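All remarks here apply to the structure that follows.
The values are calculated or read from the model by the stated rules, or taken from the named source; none is laboratory data. Treat the numbers as computed from the prediction; the structure is a model and nothing was measured. Glycine gets a Cβ as well: all are built from the backbone with ideal geometry, and neighbour counts include every protein chain shown.
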Amino acid sequence: MTNTLTHDKHLDVTRARIIECAGEVFAEAGFHKATVREICSRAHANVAAVNYHFGDKLGLYTEVLKTAACHGRAVGDQAQIVDSPEQALRHFVHGMLRKMHEADRPSWYARVMSHELAQPTAALDVVVEQMVRPNSRILCAIVGSLLDRPPDDEETRLSAASVIAQVVHHVHAKPIISKLWPELKTTPQTIEKIANHITDFSLAALQSLRRDHAHVKSPARRTK
């Protein structure tokens, strides 16, 4: 029994090491130019280990993307626990920004996602369905409540996209922001300020859209 546990732990360590090294290589070269041989060389593993754990290069790349995207899953789940949609949106935005700026967050997370968005592969479908869509549904439900519209309403989905775009901007555009606004330092306090601004800005816009929608509907009610 002890030998079996030791063997399983060794496999888990090897698998994690391969994912970490693969993330670095894919972030540097992209999926098409990266080689399994280079990944295994950095991970001090043989090529057979990739086939054993992931099936092939695409399988490994898919796991790398899922690792990079998984930071938001728990955030969405936790946002559903709070009392009001306003609090839920604040919790969602704060959680996403904190996760994306964690001190121990590997730098390759954002870079490998940038490569994938620039040159999408078959792995993106898996990542969207398993990692992104669940959070998108939660955010649309929150925004829909704030707008008094269904989660799949066009205005709801456009508004949810605008909210998440602000969050993602502060991650993927960080090199540009640092040049345009060098005095804006990435500290826990700054992240909280940015999250509060995004939330307050979004809530004000959503409240305005809800009032406009109610105003458009009200004359029809009076004529009946």
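Of note:
- Meets criteria (assigned to a helix (DSSP H, G or I), in the same structural domain as residue 104 (by TED's automatic domain parsing), β-branched (Val, Ile, Thr) and in contact with a Pro (Cβ under 7 Å, 6 or more places away or on another chain)) for residue 156: yes
- Residue within the stretch 107-121 that is under 30 Å from residue 33 (Cβ atoms) and either in contact with an Asp or Glu (Cβ under 7 Å, 6 or more places away or on another chain) or outside the structural domain of residue 192 (by TED's automatic domain parsing) (or both) present: yes
- The set of residues in the stretch 138-157 being of a type outside the set (A, V, I, L, M) and either at positive phi or at pLDDT below 95 (or both) consists of 148 alone.
- Pairs with Cβ under 8 Å, 6+ apart, first in the stretch 12-26 and of a type in the set (S, T, N, Q), second modelled with pLDDT of 95 or more and assigned to a helix (DSSP H, G or I): 14/43; 14/49; 14/53
- In the stretch 46-91, residue surrounded by the fewest Cβ atoms within 10 Å (Cβ to Cβ) [restricted to those that are among the β-branched types (Val, Ile, Thr) and modelled with pLDDT of 90 or more]: 47
- Screening the candidates 178, 202, 208 for the property of being of a type in the set (Ser, Thr, Tyr), exposed (fewer than 13 other Cβ atoms within 10 Å of the Cβ) and in a helix (DSSP H, G or I) yields one hit, 208.
- Verdict on residue 200 being at pLDDT 95 or above and out of contact with any Leu (no Cβ under 7 Å at 6 or more places or on another chain): yes
- Qualifying residue in the stretch 183-197 (condition: among the charged types (D, E, K, R), over 21 Å from residue 107 (Cβ atoms) and either under 18 Å from the mean Cα position of the chain (by Cα) or surrounded by 13 or more Cβ atoms within 10 Å (Cβ to Cβ) (or both)): yes
- Within the stretch 147-158, the set of residues being surrounded by 19 or more Cβ atoms within 10 Å (Cβ to Cβ), under 15 Å from residue 89 (Cα atoms) and over 22 Å from the mean Cα position of the chain (by Cα) comprises 147 only.
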